[in-house]
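What follows is a short report on a single structure.
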Amino acid sequence: MKDRKLTIFIAFGILLIGMVGLYYVGDMNKDDSLAPAGKPGETLPPAAVLEEVPQAEILEESYDLVVVGTDPEGIMAAISGARNGLKTLLVDGKNREVLGGLFTLGWLNSLDMNRTPDGNDYYNKGLFKEWFDRIEGDSFDIVTAANAFNTMASVEPNIDVRLGMAAIQPIVDETGGSKRVAGVTLTTAEGAKSAVHAQAVIDATQDGDIAAAAGADFTYGREDIGDTDRLMAVTPVFTLTNVTPEVWQAIMSFLNSDDSDGTGANSESAWGFAKMWDYPSSNPERIRSRGLNLGRQNDETMLVNSIQIFGVDPFNSESIAEAYDIARKELPLMLDYMKQIYPVLEPVELGELAPELYIRETRHLQGEYRLSTQDLLEQGRHWDDIAFGSYPVDIQSTSAAKTDRGTVLMAPKQYGVPFRCLIPQGLDGLLVVGRSASFDSLAAGSARVVPLGMATGQAAGAAVKIAIEEGVSLHELSSSEAYIRLLQARLTEQGMDLNPAYLEPYDFITHGEYEGLKLAVSMGIAQGAYSNDFHLDDAANPKSFIQSLKGAGRVHPSLVPFAEAMDKAIAGMNAPEKEALTLESAAYTLELGLYGEGNRDAALDKLLEQGVVTEETLALISDPANLTKGDMYMLIKDAADAVVASPNE
């Protein structure tokens, strides 16, 4: 075990001894239906040695394709390009010396799978399946994962790999009044610069760095829903050691017993430990624990995701260093607490901290198409789909408030991802794959998962080949149904499944107040959780109406410019969350939000006269004395239609 760790330390180029930290994967309980067969707690295979990544010492001046970023999405993009006959350069910086990025350096070793509705299969297949078939299962050993990436890339004669760049900048050609990325400028650690030209560049960096530097438009974090100050929590991953087969068997037995707290385990993964939400942090404004997700390694360790750290600037090295310091100080205390409430963990000890943080969101591309919550609600199929997703819309906590445990907006069964989501507006020669592609911030809660990103990477590599073959730009390819059909056919030939079964629409689609729900979900003020039940016919209350209007006002400030004035509508109520929401009260609340003052008795007539509420919506309200959540969302939609220039922007 010590020899293996030493090998990893050398390969990573990072001294990890004495560091501690943590990582988080998601809110979901895992499903072990796709886990490989094996005896629970069986002896693990011998720990593998990390293979060295073959690197090109001398780079060409020109390539067909340059892929920037060695996260899984980038590796798949490079392999796809190479297998399609493109001379490809796969390049990265960040002091990386191993392929796999978030999986192998961020130690995110439990997969968020895009499962089919029956839970027995997964979407997309293709290169992701090739890689998945080489690892242990839904949680994997990071050395196994890295070696699988290495093997898949190194056998491709068309791929040159170069790591360790100090800087990578796009070469932007602006001749003829248009902007096109024509390659990259590389700066080595020694300061030497070289220009590498390419017919196309794929940006597979986690944060869309190349596209941003080239001038592509992005939204940042949750900016598109009016939250400009906060991001989802970041997580450093850490190891726990002394996880012998006997210890793992004990963990499995506990988690699968009646004494556990809604948790479970299989031969690679364990999840739950909900009592860790109550951990009394010594720094509650910055760091806390959530339930644990555990991924077993082959060297008698396991990787843990649970810590949430807030207020981290992902683009500031000092802020990142501070996050590590915060985790390093807290983890010994956290482990002591774990052992107190879960004695089954008593034998384990702290190991090392992941070299890279798990950062859930930064930039979101403004592409030719922007994946939206409507796509997820309606199981959207598009003429240019090149991948399919189904992971729950997992919105992690954005603050340390005890009430902020994140949310699952919904659990889509299936939705398509258009090729246009990879195309920056107004910028040619470049594709963006992975979590920074063109997804609304809420839709990205599902679409950001790496298996889906790997599928977009495969599609991007094949698309570049077709564009070169046909002599067209990537923008021209993206707007042509004929070229897209050719791309889809080629991806199908190369192992992807782009024809999943059509599914029946959700019941809420046919609800008379669906239009209100659709807007409410897009603003994050309606949640269906894992059951996709938005409770449209449940009773609303005055407090929830005000909270929903304030949430909508964060997205569209013109909707309720006098948001605080709405509190007058519940003044004097002992328990507004238990009162029935009447149409009269709802109209008065809305009037206060719009104008800062109002008349309860005349509010509805005024709103009707000014077109803020419509007769069509009033006709849907079956009981004016007891409004439902669906009624509430329709009133908000009416107001948005009347006041906001584009409520679905």
- [ ] Could you work out how far helix 245-255 tilts from the main Cα principal axis of the chain, as a 0 to 90 degree angle to the nearest 10?
- [x] 10 degrees
Task: Estimated 222 nm signal from helices in the chain, with DSSP H stretches of n ≥ 4 weighted -39500 (n - 2.57), rounded to 500 - done: -9000 deg cm²/dmol
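How large is the charge dipole for the stretch 492-649, taken about the Cα centre, if only the Cβ atoms of Lys, Arg (+1) and Asp, Glu (-1) carry charge, to the nearest 20 debye? List each step's numbers first, then the result.
Working: 10 positive and 26 negative charges, 120 e Å.
About 580 debye.
Could you put D278, D641 in order, starting from the residue whose Cβ has the fewest other Cβ atoms within 10 Å? List each step's numbers first, then the result.
Working: D278 11, D641 17.
Least to most surrounded, the residues fall as D278, D641.
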Task: Size of charge dipole - the stretch 223-280 - debye, nearest 20, with Cβ of Lys, Arg +1 and Asp, Glu -1, no other charges - done: 240 debye
TODO: Starting from the stretch 114-212, pick out the GluC sites (Glu not before Pro) whose DSSP state is loop and whose Cβ has at most 12 other Cβ atoms within 10 Å.
DONE: E174, E190
- [ ] Specify which residue in the list A563, V393, L231 is farthest towards the positive end of the charge dipole of the chain, using unit charges on the beta carbon of Lys, Arg (+1) and Asp, Glu (-1), about the Cα centre.
- [x] L231
- [ ] With +1 on each Lys and Arg Cβ and -1 on each Asp and Glu Cβ, and nothing else charged, work out how big the dipole of the chain is about its Cα centre, in Debye to the nearest 20.
- [x] 940 debye
- [ ] Set the Förster radius R0 to 51 Å, insert the Cβ-Cβ distance between S558 and T151 as r into 1/(1 + (r/R0)^6), and round the FRET efficiency to 0.05.
- [x] 0.40
TODO: Kindly express, to the nearest 10 degrees and within the range 0 to 90, the angle between helix 542-555's C-alpha long axis and the longest C-alpha principal axis of the chain.
DONE: 50 degrees
Task: Difference of contour (0.36 nm per residue) and Cα-Cα distance, A482 to S544 - done: 17.4 nm
Open item on the list: Tell me the angle of helix 72-83 to the major Cα principal axis of the chain, expressed in degrees between 0 and 90 and rounded to the nearest ten.
Closed with: 60 degrees
TODO: Name the residues whose placed amide hydrogens come within less than 5 Å of the amide hydrogen of Y415, ignoring near sequence neighbours (fewer than 5 apart) on the same chain.
DONE: G389
Open item on the list: Using a 10 Å cut-off around each Cβ, can you sort I423, I320 from fewest to most neighbouring Cβ atoms?
Closed with: I320, I423
- [ ] Would you please give the residues with an amide H less than 5 Å from that of G291, counting only those at least 5 places away or on a separate chain, with H modeled from the backbone geometry?
- [x] W277
Open item on the list: Just to verify a number: FRET efficiency for A195 and S282, C-beta to C-beta distance, R0 = 41 Å, to 0.05?
Closed with: 0.20
Task: Normalised alpha carbon radius of gyration of the stretch 227-352 [divisor 2.2 N^0.38 Å] - done: 1.09
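What Kirkwood radius, in Å to one decimal, follows from the Cα pairs of the stretch 516-643? Display every interim value, and only then the final one.
Values: mean 1/r = 0.0699 Å⁻¹.
With all distinct Cα pairs of the stretch 516-643 included, I get 14.3 Å.
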TODO: Show the residues, 5+ positions off or on another chain, whose built amide H is closer than 5 Å to the amide H of V172.
DONE: A182
TODO: For the stretch 217-283 and the stretch 603-627, compute the distance between their C-alpha centroids and round to whole Å.
DONE: 45 Å
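Since every read-out is calculated from the coordinates, none of them should be taken as a lab result. Fair warning: this is a prediction, and the values are worked out from it, not measured in the lab. Glycine also receives a Cβ, built like all others from the backbone with ideal geometry; neighbour counts cover every protein chain displayed.
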